[in-house]
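The values are calculated or read from the model by the stated rules, or taken from the named source; none is laboratory data. Remember, predicted model here, so these are calculated numbers, not experimental data. Quick reminder, even Gly has a Cβ in these numbers, built from the backbone with ideal geometry, and neighbours come from all protein chains shown.
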Amino acid sequence: MTTAQHKIGSGFGTRSTADEVLAGVDLSGRLAIVTGGYSGLGLETTRALTKAGARVVVPARRPDAARESLGGLAGVEVDELDLGDLESVHAFAERFLASGRTIDLVIDNAGIMACPETRVGPGWEAQFATNHLGHFTLVNRLWPAIEPGGARVVSVSSRAHHFAGMRWDDVHWQHGYDKWQAYGQAKTANVLFAVHLDKLGADRGVRAFSLHPGGIMTPLQRHIPKEEMVERGWIDEQGTVLNPEGFKTPEQGAATQVWAATSPQLNGMGGVYLEDCDIAEPAVDGDQSSGVRDWATDPEQAARLWELSAELTGVNAFAA
């Protein structure tokens, strides 16, 4: 089977920063939505986009904290959004659509990782619900503002998609919850979402991408106990990062999602998974260090997930 998952030689790499990939790119007059754009990679993404001239809307679960974090950045507005609460997602979308504005870039950056078993909404597993279903609902509800501008939609996944494909018989982990396997499924869902959204949106000028930003120490690790991070070799007992060369800085971690959202090198392309500011190669069996697993780019599974997500959320911008 042929695949578009092959490097294009972008000229950027692992240590490229968001500012570097945006050098010479003028985003004046363009509007971006960056979920979680006030912390970690999201904050660096917002900074880089505004520096290039974009107007950035930051939907935030903690809007007061977001305003404090983003203080001093021109061209940013904050609104309230809790991706784990679909009523909150609908309310944000209604407020935005009422403004009559068109969206040029959507970066689905917010997420949770490896949390204790948590249920949201009607008993949904929190990582799948927040990382995937919340963003699925957001993009579908904002579609009337996304389509006219021929926007790019960027779904921030992770190398953790290697951990697990879709658990079709128990997507909400009602039996045998494993926080890392559940996170892996959610990250696989992020990739599959971009695959099918691109298929649906391409003829309307909307393209979608997914990506692994790299390993970065950010607040995303807040649910992981210190002892576990020590055991995994990330930090020592004093909290010092071990092998810092193996981690990216937030500025470097934000680069791939900014490149995905803006690079002319990706014009006419979509539905692919990126890493290190390039298209990723197919993963090699037994190697979880790079590449994309075939279960995450399978168009049949992508269509199945879209149908399931539309059924669960009651939202589908492409319904007949």
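List of remarks:
- Filter pass, G53 being among the small types (G, A, S), crowded, with 22+ Cβ neighbours inside 10 Å and either out of contact with any strand residue (DSSP E or B) (no Cβ under 8 Å at 6 or more places or on another chain) or closer than 23 Å to G215 by Cα (or both): no
- Residues (within 20 Å of Q257 (Cα to Cα) and assigned to a helix (DSSP H, G or I)) located in region 276-309: A296, T297
- For A160, the conditions (1) surrounded by fewer than 24 Cβ atoms within 10 Å (Cβ to Cβ); (2) part of a helix (DSSP H, G or I); (3) over 17 Å from the mean Cα position of the chain (by Cα) are fulfilled apart from (3).
- Qualifying positions in region 165-196 - of a type in the set (A, V, I, L, M) and either surrounded by fewer than 18 Cβ atoms within 10 Å (Cβ to Cβ) or not in a loop (DSSP other than H, G, I, E, B) (or both): A182, A186, A189, V191, L192, A194, V195
- Selection status of G215, at pLDDT below 95 and within 15 Å of the chain's Cα centre (by Cα): yes
- If you go through region 73-95 and keep only what is within 15 Å of W143 (Cβ to Cβ) and either in contact with a strand residue (DSSP E or B) (Cβ under 7 Å, 6 or more places away or on another chain) or surrounded by fewer than 19 Cβ atoms within 10 Å (Cβ to Cβ) (or both), you end up with H90, F92, E94.
Yes/no matrix, rows are residues, columns are (1) free of Cβ contacts under 8 Å to residues at least 40 places away in the same chain; (2) within 19 Å of L105 (Cβ to Cβ); (3) in contact with a helix residue (DSSP H, G or I) (Cβ under 7 Å, 6 or more places away or on another chain); (4) surrounded by fewer than 21 Cβ atoms within 10 Å (Cβ to Cβ):
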position	(1), (2), (3), (4)
T256	no, yes, no, no
W259	no, yes, yes, no
V272	no, yes, no, no
C277	no, yes, yes, no
S290	no, no, no, yes
R293	no, no, yes, no
D298	no, no, no, yes
Q301	no, no, yes, no
W306	no, no, yes, no
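- Residue that is nearest to the chain's Cα centre (by Cα) [pool: residues in region 42-66 that are more than 14 Å from Q257 (Cβ to Cβ) and basic (K, R)]: R61
- Residue identified as over 22 Å from A260 (Cα atoms), of a type in the set (S, T, Y) and touching a helix residue (DSSP H, G or I) at 6+ places or on another chain (Cβ under 7 Å) among S99, S88, S39, S69: S69
- Selection count where residues are surrounded by fewer than 19 Cβ atoms within 10 Å (Cβ to Cβ) and of a type in the set (A, V, I, L, M), scope region 96-105: 2
- Test: G111 is within 24 Å of S158 (Cβ to Cβ) and at pLDDT below 95: yes
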